[in-house]
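Undergrad: Sharing a structure here in structure tokens format.
Quick note: the coordinates plus some simple rules give every number you see, no bench work behind them. Being a predicted model, the structure only gives us computed values, none of them experimental.
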Amino acid sequence: MSKCNRFTVLKARIMSGSLSKMWKFAKDIHAEKKRFPTLFIFFDMGFCILRYGIGYQEYRGYHFAGKKARLRKTFMTINHNIALTREQNRKDKNVILKDKLLLLETYKDFVGREFADLRKISVDEFKAFVERHDYIIAKPVDNFGGLGIRKYTREDVTDAKAVYDDLMKNRIYDIEEGIHQHPEMSRLYPYGINTLRIATIRGKNGPEFFYCILRMGVNKSFLDNATSGGIYTFVKRDGLCRYNAYAEKKGIYVSKHPDTGVVIKGFRVPMMKEAIELCIKAANTVPELGYIGWDVSITENGPVIVEANDIPGYDMPQNSAWHKDGKGILPDIERILGHKCPKI
């Protein structure tokens, strides 16, 4: 990409930031790593924003303070992520991943539940939809990060027309049958669906598994997104959790789930092999979409796709807690691609 576009991304990143937040992060890192003065960390953070294209939250999560340049260069940044998305996902097909209802229709063989477009059904049909299920989820078709999502049980919808009209007014058109997750996943956290973010990349031999993050809600929220306060941990192909969970909003690690007390290390995600296979099969549905972040739920009857994302997160799988060698995931990407990862 042109230098102009690269500057646009950098400018947006700087404008969305805050010097006061940078200073707070620098102080927090100093408290963790006493050998680095706060002022040094603050200026090093600024250097890394300019040199590597990372944010101050990533600087902390990647443990960049004191990290050698040869290791810093192994980290995927937003500049890589945007360029890889553009290389792997054809523009005219990318609309599938940006419209939740189009996505559900395209990958309907993998979602395992009923869904409907509120714009295409009547109030009576909506009422019947609600009555068929223990609970439903209503989503805006084009939002991300859990924004605007609502949950309704049968008991919540005493006046179907009022709920229907309110959803239409707020442009919340995607209604879905509620998912009932596997008992083992409910043991971990029962108040919401604990999804797996499984990323696939199209390599030399077709789509390949890239990484998996297990995400969990907290404080009885039905959302598990990190942006909504959820916690997450890295999971390998065998489904075993080997690390504590990270609370991104607080910048801390937790060894037990705050709500249930379940120990994170040693927890095994059921049907992990089947979840990866599901994502690989789904990735072959539209070959022109090569780089996808799948949100997967494990149910008692097997894994199902909840959503899919056109710009998969690159920061969560690079948390230094999961990589004791201090490296990022760039070498893994380039192994799958068979060439250097593009960068804007």
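Undergrad: Please go through the residue pairs LYS204/LYS256; LYS108/LYS327; LYS98/LYS127; LYS21/LYS236; LYS220/LYS327 and name each one whose alpha carbons sit more than 29 Å apart in this structure.
TA: Working: LYS204/LYS256 40 Å; LYS108/LYS327 37 Å; LYS98/LYS127 27 Å; LYS21/LYS236 33 Å; LYS220/LYS327 35 Å.
Beyond 29 Å: LYS204/LYS256; LYS108/LYS327; LYS21/LYS236; LYS220/LYS327.
Undergrad: When you have a sec, figure out the Kirkwood radius of the chain from all distinct Cα pair distances and drop it here in Å to one decimal?
TA: It is 21.3 Å.
Undergrad: Another question about this same structure. Which of the lysines could a cross-linker span from LYS120 if the Cα-Cα distance has to be under 16 Å and same-chain partners fewer than 8 positions apart are dropped?
TA: The reachable lysines, counting only those whose Cα sits under 16 Å from LYS120, are LYS100, LYS139, LYS161, LYS169.
Undergrad: Let me ask something else about it. For region 114-177, what is the largest minus smallest coordinate of the Cα atoms on each principal axis, given in angstrom and ordered from greatest to least?
TA: 28, 20, 19
Undergrad: Mean separation of Cα pairs under 8 Å and 6+ residues apart, divided by the residue count of the chain: what relative contact order is that in percent?
TA: Details: 609 pairs, mean separation 70.3, N = 344.
Relative contact order of the chain: 20 percent.
Undergrad: Note the angle between two axes, namely the Cα long axis of helix 272-283 and the longest principal axis of the Cα atoms of the chain, as a number of degrees from 0 to 90, rounded to the nearest 10.
TA: For helix 272-283, the angle is close to 80 degrees.
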